[in-house]
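In what follows, a single structure is set out as structure tokens and then discussed.
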């Protein structure tokens, strides 16, 4: 029983270290940093995968919006946003600067 307890503690310690690393990377703007999920097993691996998936879900729409704003700033009209986003991120398509579906849009 003690060896399995020690292994569990090691797994939790590893996950905490990776979560700390992800926090630091995100604060520093290194948004492409991810946890190496192969270093984790069981529920710790599922938590690590969840952290990575959460960042992907947040960063994808932000990158798309940044790309569109950059194109607009250069005088280029980007195509209609066709990507599917869930929840609040779907609202990004409705921002006046990114919604080029209006006939009277002036860019």
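Part of a helix (DSSP H, G or I), in contact (Cβ under 8 Å) with a residue 24 or more places away in the chain and more than 19 Å from the chain's Cα centre (by Cα): does that describe residue 51?
It is false that residue 51 is part of a helix (DSSP H, G or I), in contact (Cβ under 8 Å) with a residue 24 or more places away in the chain and more than 19 Å from the chain's Cα centre (by Cα).
Given 34, 20, 30, which one is without any contact (Cβ under 8 Å) to a residue 12 or more places away in the chain and either closer than 27 Å to residue 91 by Cα or part of a loop (DSSP other than H, G, I, E, B) (or both)?
Within the list 34, 20, 30, the selection yields 30.
From 90, 63, which residue is surrounded by fewer than 14 Cβ atoms within 10 Å (Cβ to Cβ), free of Cβ contacts under 8 Å to residues at least 60 places away in the same chain, in contact with a helix residue (DSSP H, G or I) (Cβ under 9 Å, 6 or more places away or on another chain) and at negative phi?
From the options 90, 63, the qualifying one is 90.
Would the range 62-85 turn up any residue that is within 13 Å of the chain's Cα centre (by Cα) and not in a helix (DSSP H, G or I)?
Checked the range 62-85: at least one residue is within 13 Å of the chain's Cα centre (by Cα) and not in a helix (DSSP H, G or I).
Would you please name the residue that is nearest to residue 69 (Cα to Cα), looking only at residues in the range 93-104 that are exposed (fewer than 12 other Cβ atoms within 10 Å of the Cβ) and at pLDDT below 70?
96
The values are calculated or read from the model by the stated rules, or taken from the named source; none is laboratory data. Predicted model only: the values in this text are computed from it and were never measured. Note: ideal-geometry Cβ built from the backbone for every residue, glycine included; neighbour counts use all protein chains shown.
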